[in-house]
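See below for the structure under consideration.
Values in this text are rule-based calculations from the coordinates and carry no lab data. What you see is a predicted model, and the numbers here were worked out from it, not measured in a lab. Here the Cβ positions follow ideal geometry from the backbone for every residue, glycine too, while neighbour counts run over all protein chains shown.
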Amino acid sequence: MDTLILYVKTGCPWCQKVLDFATEKGIQFELRNIADPAVAQELINRGGKRQVPYLVDEKNAIEMYESADIIEYLKKI
Ligand SMILES: N[C@@H](CCC(=O)N[C@@H](CS)C(=O)NCC(=O)O)C(=O)O
């Protein structure tokens, strides 16, 4: 599987929900934490707002906010 990037924030329950689901399914991410202002700016440039979790699947040119949508997407890949 190609690299999946997940923008997260420490202590974010919605991020944790996605991370727990991914662990169950054996899916791995490159994690980017928006505690780093440069990463937060990168997220805003990509998606338009500062909200995590945010998934990037570069191979399939898919990017999305919303933990429930991310989990539904991960079920299909
Ligand atoms: N409905 C969204 C809620 C996401 C959400 O509320 N994320 C918070 C952190 S838990 C956030 O990004 N807040 C902006 C910030 O922390 O800068 C989801 O399920 O993904």
>> Step by step: first the residues of the range 52-77, then only those that are of a type in the set (Val, Ile, Thr) and more than 10 Å from Val18 (Cβ to Cβ), then the one that is surrounded by the most Cβ atoms within 10 Å (Cβ to Cβ). Which residue is that?
In response: Val56
> Do we have Lys59 as out of contact with any strand residue (DSSP E or B) (no Cβ under 9 Å at 6 or more places or on another chain) and either more than 8 Å from the ligand (Cβ to nearest atom) or of a type in the set (Phe, Trp, Tyr) (or both) here?
Replying inline: no
>> Please go through (1) surrounded by 12 or more Cβ atoms within 10 Å (Cβ to Cβ); (2) on the phi > 0 side of the Ramachandran plot; (3) hydrophobic (A, V, I, L, M, F, W, C) for Ala40 and return the number of the only condition it doesn't satisfy.
In response: (2)
>> Just to be sure before I move on: is Gln51 without any contact (Cβ under 8 Å) to a residue 40 or more places away in the chain, farther than 11 Å from Ile5 by Cβ and touching a strand residue (DSSP E or B) at 6+ places or on another chain (Cβ under 7 Å) in the structure I sent?
In response: yes
>> If I ask for residues that are assigned to a strand (DSSP E or B) and under 19 Å from Asp69 (Cβ atoms), which ones from the range 1-58 would you list?
In response: Leu4, Ile5, Leu6, Tyr7, Val8, Leu31, Arg32, Tyr54, Leu55, Val56, Asp57
> If you scan the range 67-77, which residues turn out to be in contact (Cβ under 8 Å) with a residue 12 or more places away in the chain and either hydrophobic (A, V, I, L, M, F, W, C) or within 19 Å of Ile34 (Cβ to Cβ) (or both)?
Replying inline: Ser67, Ile70, Ile71, Leu74, Ile77
